[in-house]
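The values are calculated or read from the model by the stated rules, or taken from the named source; none is laboratory data. Worth saying up front: this structure is predicted, and the values here are computed from it rather than measured. Please note: Cβ atoms are built from the backbone with ideal geometry, for glycine as well, and neighbour counts cover all protein chains shown. For accessibility, only protein heavy atoms count, side chains too; no ligands or nucleic acids. Shrake-Rupley method; radii C 1.70, N 1.55, O 1.52, S 1.80 Å.
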Amino acid sequence: MRAILIDDEQKARNMLRSLLEEYCPEVEIVTECSNVPTAVAAINDHKPDVVFLDIDMPGYNGFQLLEFFNPVNFEVIFTTAHSEYALQAFRVSALDYLQKPIDIDLLVAA
């Protein structure tokens with residue numbers, strides 16, 4: 001499974017990468033992005049199966065990233081510190097919604 005990590009915080013990307021490498025070896029991280037414009041280009045270039053997507057980022061938020069794709073041809077797992085976006089995440093057909101700090105069991109299940 002090919003994945004892209006999108007989060008404006010390097011520390012959060014590092015943590016998620018470490019968790020995925022240790023507990024989800026079937027997930028191949030093809031690249032990481034710190035903002036939506038870079039992420040849109042990376043998604044177009046790498047055609048991932050799944051995108052791990054933060055919501056609250058400067059410039060564009062995670063939901064706005066999805067507006068660049070019609071249809072969205074990849075799964076989305078939101079990774080965020082904010083619980084208030086959960087309902088909106090499922091309205092855009094997110095595969096899952098993981099709150100930071102990320103629970104390992106929930107990550108593996110996602």
Query raised in the report: Not counting the cut sites, what is the longest span of the chain without GluC sites (Glu not before Pro) that DSSP labels loop and that have at most 15 other Cβ atoms within 10 Å?
Result: 68-110
**Report entry** Sequence-distant residues sharing a close amide H with Glu75 (under 5 Å, placed H)
**Finding:** Val50, Val51
Query raised in the report: Round to a whole number: what % of the accessible area of the chain belongs to carbon and sulfur, probe 1.4 Å?
Result: 49
Query - Debye, to nearest 20: dipole size of the chain, +1 on Lys, Arg Cβ, -1 on Asp, Glu Cβ - result: 180
Report task. Using only the alpha carbons, work out the radius of gyration and Dmax of the chain in angstrom. Result -> 12.4, 33
Report summary line: Averaged per residue, the 1.4 Å probe accessible area of region 1-51, protein heavy atoms only, in Å², is roughly 52
Report summary line: For the chain, averaging the sequence separation of alpha carbon pairs under 8 Å that lie six or more residues apart and dividing by its residue count, the contact order in percent is 25
Query raised in the report: Long-range amide H contacts for Met57: which residues qualify at under 5 Å (H placed 1.01 Å from N, peptide plane, sequence gap of 5 or more or a different chain)?
Result: Gly62
Requested in this report: Tell me which residues come under 5 Å, amide H to amide H, from Ile29 once H is placed; ignore anything under 5 positions away on its chain.
Outcome: Ala3
Report summary line: Within region 28-110, DSSP-loop chymotrypsin sites (Phe, Trp or Tyr not before Pro) with at most 16 other C-beta atoms within 10 Å are Tyr60, Phe68, Phe69
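Please work out the ratio of the alpha-carbon Rg of region 40-100 to 2.2 N^0.38 Å and round it to two decimals. Before the final figure, lay out each step's value.
On the way: Rg = 11.0 Å, N = 61, 2.2 N^0.38 = 10.5 Å.
For region 40-100, the normalised Cα radius of gyration is 1.04.
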